[in-house]
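Here, each number is a calculation from the coordinates, and none is a lab measurement. These numbers come from a predicted model, not from an experiment. Cβ sites come from the backbone with ideal geometry, for glycine too, and all protein chains shown count toward neighbours.
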Amino acid sequence: MLILSFLSGIAIPGGLLLGAYFYFIRKENRLKLGLLAMLFAALAIRCSKSFFCFSLNLPDMGMAISYLGLACIGPITWLYISNAPKAEFKTLRKQELLHFLPSLLGFVAITFYGKEFAVELYMYTTYLMLVYLLISWGYMIKHSNKITGPLFKWNIILLTTVTLFCLIFLFQYYTNELLHYTIASGVSSFLFYALFFISLKTPILFPKKKPVQKGDPEVIQKVNQAIKKEKIYRVPSLTLDKFSKELGFPSYLVSRTIRAEYEKSFSEFINHLRVQEVIEKLPEREQEHHKIEGLAYSAGFNTPSTFYAAFKKVTGMSPTEYEEQFFGVDNLVSQS
């Protein structure tokens, strides 16, 4: 029991450190990796309950904090999985934040009413966690064509591991043997270590450093000036040759510099800038009743189909879905 208790204990700082890495060190896809950080922290906090039950007489506040970790695992897993197909997203909708309301209410209730109140609440919350996981599995199966490669493999591993955690937690509530409860805690710790080491080997989480390729500083300065001051991307049918002549540099040098500096091809780079301009003007569109195609044309797109394809590639959503999610607009089609 002492050995298993020790194994449970050292899982805690590992989970918190991994969560801190995703949140503080990684800069890209900040919210998506932030959810992953929260998930590792929540798992570590829930696993700490077993460790402190073995080692100390866990106070009411400790039980409440552990419950907070448990109650957040299901919602965080669902939010992470459901947002996985999106190329990037910057905020959660208000209705998505409501998923965390039960965890906060339970935390307050256990703080005031103590451990006796926590026992059944833990069990029902674990069943709720199972519901979230089943919904996440359904989403993964339904949208398997949108999630491919290393991301799909990682999501399957993550969902499988969290589901096993849930089953272990349920087993602990129904066993009356301390030895069985302790062994289950040890198994959950090993699961945590396995997930930890798999994440270290997953390229999308811990990408290998590529040799830094720096573009020509003079070209970069000219590109930034043409974009920020002259808004050259608004020019319809802008080609690499036209852009290069405008800057006064060979096209191969401009192309190589853009790829090195922005990690995009020339066309991807220009379309990304155009889409970002449309996104910035979306709040004004609702007030001034502009059509979405009008914003696209003013940003430099030639046809609606080109715009919709570029918007989907940059955001992972159609303009309709984007406005519904971030601005609560549900009548976009009728306005457009």
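Set the Förster radius R0 to 35 Å, insert the Cβ-Cβ distance between Met61 and Gln95 as r into 1/(1 + (r/R0)^6), and round the FRET efficiency to 0.05. Efficiency for this residue pair is about 0.70. For the stretch 103-159, count all C-alpha to C-alpha pairs, find those more than 16 Å apart, and express that count as a whole percent of the total. That tail contains 57 percent of the Cα-Cα pairs.
Within straight-line reach of Lys291, meaning a Cα separation under 14 Å, sit the following aspartates and glutamates at least 8 residues removed in sequence or on another chain: Glu323.
Past 24 Å, Cα to Cα: identify those pairs from Lys245/Lys281; Lys94/Lys228; Lys146/Lys228; Lys86/Lys153; Lys86/Lys245; Lys32/Lys228, in the order given. Listed pairs above 24 Å: Lys245/Lys281; Lys94/Lys228; Lys146/Lys228; Lys86/Lys245; Lys32/Lys228.
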